[in-house]
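To keep things clear, I will list the structure first and then write my remarks on it.
The values are calculated or read from the model by the stated rules, or taken from the named source; none is laboratory data. Worth saying up front: this structure is predicted, and the values here are computed from it rather than measured. Only protein heavy atoms, including side chains, enter the accessible area calculation; ligands, DNA and RNA are left aside. Shrake-Rupley method; radii C 1.70, N 1.55, O 1.52, S 1.80 Å.
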Amino acid sequence: MKKVALAAAALASALAGCSVTVSVPDFTPGTQPSTSLKLTSFSYSTQYRTSAEYRDQDGQVIPAGSYIICDNKSTEMYVDLDWTGGLKQVYTQFEGLKTGGTQNFSFYSYGSADYSGSAVLSATLGAGTAPLSVPGKLNAQAIVVNPVILDVKGNTFVKVQGLDAAGRYSNILESAQAFPVVDCQ
């Protein structure tokens, strides 16, 4: 437990010198869980899909039509989320498949808690998977763009967590498979 606290303090110190504000949600233990908010399911996609199958850095075949994150370009990411209770904010975390390294950020924020129970949310991930723009709510299906893959850099899992109106964190939902992260043309 002391190691987790030391790691959090080190991360906070490292981020203090950055010009980008990174919100670190409760992907580590220690805060009061929400008793009223529960995330029930999510799916995710991006604006980019592969036009042909390819082999990743480990020799695994990635089928045509797979969603990818372009590491060298801005990538619009969509999260189709279902929940019960009041949802005020959504956080995501990317976790490297091999490295285990993580990056957390605020994905979407409502002005007040949303009790609708379902939404498709979007955010722009900048080059290097850092957020670039203010996230938004989608009303229509996104256009699929098929980039040319120049270099497969790795794979990342996606985790989603919500925040209720009282500032307490929901359960965490994790992706079943990792997104390929690639350099695109």
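Key figures for this structure:
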| read-out | value |
| --- | --- |
| Accessible-area ranking of Ile172, Ile68, largest first, probe 1.4 Å | Ile172, Ile68 |
| With every protein chain in place, region 55-121: carbon and sulfur % of accessible area (1.4 Å) | 46 percent |
